[in-house]
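The next block holds one structure in the form of structure tokens; read it before the comments.
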Amino acid sequence: MSEKPKHRVLTEYEAKQLLVKHKIPVTKEELAKNKEQAVKAAKKIGFPVVMKIVSPDIVHKTEAKGVIINIKTESEVEQAFEQLVKNARAYKRNAVINGVLVQETAIGKELIIGTSTDPQFGPVLMFGIGGIFVEVMKDVTFRVIPITKADAEEMLSELKSRSVLDGFRGEKPLNKNAIINILLKVSDFVEKNQKVRELDINPLFVNETEAKAADARIILE
Ligand code: ADP
Ligand code: MG
């Protein structure tokens, strides 16, 4: 007998609303149901914007050509809206589409924060620097949740690619306190919400002044 999986994957928009409730910073964004709403949102947020498909049937948006960045004008917003819906339909004919997310363009380095539930240790927190550092070098660090501030600081300092955080080639150092704060808040959020089976912030954008989640995925029990 096969059982339907009981877990539910939240859309990026839903997941980020949960993060905001727990004071984890996310990109400015609005869900648009049509082109007019999308244009209005883009003008409010400020160009250039990023636009993304919002569908419970599309978990990995890039795979469905569901992310368009660097949208600079009102007419580009209208075009992007149509294109995203078209791409989603081509990817999955019957996909439920909640709308299109219009989002500020985040600036900085891309980091990754994730949590999962280990059968032995329970909730575990993962941290790494996005791109080749995670994918090729597998340079990530883990802690059992809940973590302390000292744990969070160690997670940053024990990465092999930690020099990226200090800024190389004349770049300014990234705001490490902002990252540490978010690691602590994510730990706290997952500790207090036993229903969160998995959480992914990928990417977390960090620059010299701030850090914010540009994408989030949450799997509920
Ligand atoms: P996916 O569901 O495929 O993971 P993402 O929302 O992570 O989609 O977007 C894919 C990529 O687009 C990100 O890894 C990042 O490089 C870029 N991106 C996404 N959102 C933003 C944003 N608000 N500002 C700048 N770049 C972004
Ligand atoms: Mg992502």
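Table for the structure above
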{"quantity": "Residues satisfying the stated conditions in segment 161-178, i.e. touching a helix residue (DSSP H, G or I) at 6+ places or on another chain (Cβ under 8 Å) and surrounded by 14 or more Cβ atoms within 10 Å (Cβ to Cβ)", "calculated": "161, 162, 164, 165, 174, 176"}
{"quantity": "Residue in segment 12-36 that is farthest from ligand 1 (Cβ to nearest atom), counting only those that are over 20 Å from the mean Cα position of the chain (by Cα) and not in a helix (DSSP H, G or I)", "calculated": "34"}
{"quantity": "Single residue of 77, 39, 9 found to be among the aliphatic types (A, V, I, L, M) and more than 16 Å from ligand 1 (Cβ to nearest atom)", "calculated": "39"}
{"quantity": "Residue satisfying all of: in segment 95-117; within 24 Å of residue 165 (Cα to Cα) and assigned to a loop (DSSP other than H, G, I, E, B); nearest to ligand 2 (Cβ to nearest atom) among these", "calculated": "106"}
{"quantity": "Selection within segment 51-86 - free of Cβ contacts under 8 Å to residues at least 40 places away in the same chain and within 16 Å of ligand 2 (Cβ to nearest atom)", "calculated": "58, 60, 62, 63, 64, 65, 66, 67, 68, 69, 84"}
{"quantity": "All strands (runs of 3 or more DSSP E) inside segment 132-221 with 3 or more residues being within 19 Å of residue 22 (Cβ to Cβ)", "calculated": "196-206, 211-213, 216-220"}
{"quantity": "Filtered residues of segment 105-132 (kept if in contact with a Lys or Arg (Cβ under 8 Å, 6 or more places away or on another chain), surrounded by fewer than 20 Cβ atoms within 10 Å (Cβ to Cβ) and farther than 22 Å from residue 192 by Cβ)", "calculated": "130"}
{"quantity": "Segment 118-131 - residue that is small (Gly, Ala, Ser) and either assigned to a helix (DSSP H, G or I) or under 20 Å from the mean Cα position of the chain (by Cα) (or both) and, of those, modelled with the lowest pLDDT", "calculated": "131"}
{"quantity": "Selection count where residues are within 14 Å of ligand 2 (Cβ to nearest atom) and aromatic (Phe, Trp, Tyr), scope segment 1-50", "calculated": "1"}
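The values are calculated or read from the model by the stated rules, or taken from the named source; none is laboratory data. These figures come from a predicted structure and were not determined experimentally. Positions of Cβ are backbone-derived with ideal geometry, glycine not excepted, and every protein chain shown enters the neighbour counts.
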